[in-house]
Amino acid sequence: MTLLQTAASEAENPLIPPIPELVIGLIAFLIVFGFLAKVLLPRINKVLEQRHEAIEGGMEKAEAAQAEAQATLEQYRQQLAEARHEANRLRQEAQEQGAALIAEMRSEGQRQREEIIAAGHAQIEADRKQAALALRQDVGKLAVELASKLVGEALEEHARQSGVIDRFLDELEEKAEATR
């Protein structure tokens, strides 16, 4: 008989639960749903909103940081361009000063060279005059000695007083200049 009893209970529809279980299940569902709606759902929404704000704030901070980085990059580029311009200006100024200094040194060197040449010419002229005077005196002495030996008398005093030697040498110089 137990088989018959089980067959009779199987005759009931297994898809439709008994009514008391259905009512108890519905009441339990409403309690759990109410608890979730009143307690957990606001907390979940609050956490989700905080995450949303954090994400939005992070994106805004990232955009602000990117804009600041772009502004800083532009500022650095501008400073770099100014530094390059200043370096070019300083280089050009240094080249101009160098060229002016070279020109000044050349003119100073030219002036010193001309002074040295002029001093050399003056020294040569003074040495030439001194040599000519010494030569003239030596030639005069030799001429007086030669004339003394030829005449047989001492002509030194007489020759000095009369200037015979000077006239002779002046005539020789005039002839030398005429042949030039």
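The values are calculated or read from the model by the stated rules, or taken from the named source; none is laboratory data. For clarity, every value in this text was computed on a predicted model and none was experimentally measured. Methodologically, a virtual Cβ is constructed for each residue, glycine included, from the backbone with ideal geometry; neighbour enumeration extends over all protein chains shown. We work out accessible area using only protein heavy atoms, side chains counted, and drop any ligands, DNA or RNA first. Shrake-Rupley method; radii C 1.70, N 1.55, O 1.52, S 1.80 Å.
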Report task. Pop a pseudo-label 7 angstrom from the Cα along the beta-carbon direction at both residue 86 and residue 175 and give the gap in nm to one decimal. Result -> 8.4 nm
Query raised in the report: What is the stretch 71-151 by shape, rounded, prolate or oblate, if you read a ≥ b ≥ c off the alpha carbon gyration tensor as root eigenvalues and call it rounded for a/c under 1.5, prolate for a/b larger than b/c, and oblate otherwise?
Result: prolate
Query raised in the report: Taking a probe of 1.4 Å, how large is the accessible area per residue of the stretch 41-102, in Å²?
Result: 90 Å²
Report task. Grab every C-alpha pair in the stretch 20-104, bin the distances at 5 angstrom width from 0 up to the longest one, and report whole percents. Result -> 3, 11, 8, 7, 7, 7, 6, 6, 5, 5, 5, 4, 4, 4, 3, 3, 3, 2, 2, 2, 1, 1, 1, 0, 0
Requested in this report: Could you work out how far apart the two model spin labels at residue 24 and residue 127 are, taking each label as a point 7 Å from the Cα in the direction of the beta carbon, and quote it in nm?
Outcome: 14.4 nm
Query - Using θ = phi - 60° and Karplus 6.51 cos²θ - 1.76 cosθ + 1.60, couplings along the stretch 102-112 (whole Hz; Gly, Pro as x) - result: 5, 4, 5, 5, 5, 5, 5, x, 4, 5, 5
Query raised in the report: Which of the aspartates and glutamates could a cross-linker span from residue 129 if the Cα-Cα distance has to be under 18 Å and same-chain partners fewer than 8 positions apart are dropped?
Result: 138, 166, 170, 171, 173, 174, 177
Query - Neighbour-limited loop hits for GluC sites (Glu not before Pro), the stretch 9-72 (at most 12 other Cβ within 10 Å; DSSP other than H, G, I, E, B) - result: 12
Query raised in the report: Simple spin-label model, 7 Å along Cα-to-Cβ: residue 106 to residue 61 in nm?
Result: 6.7 nm
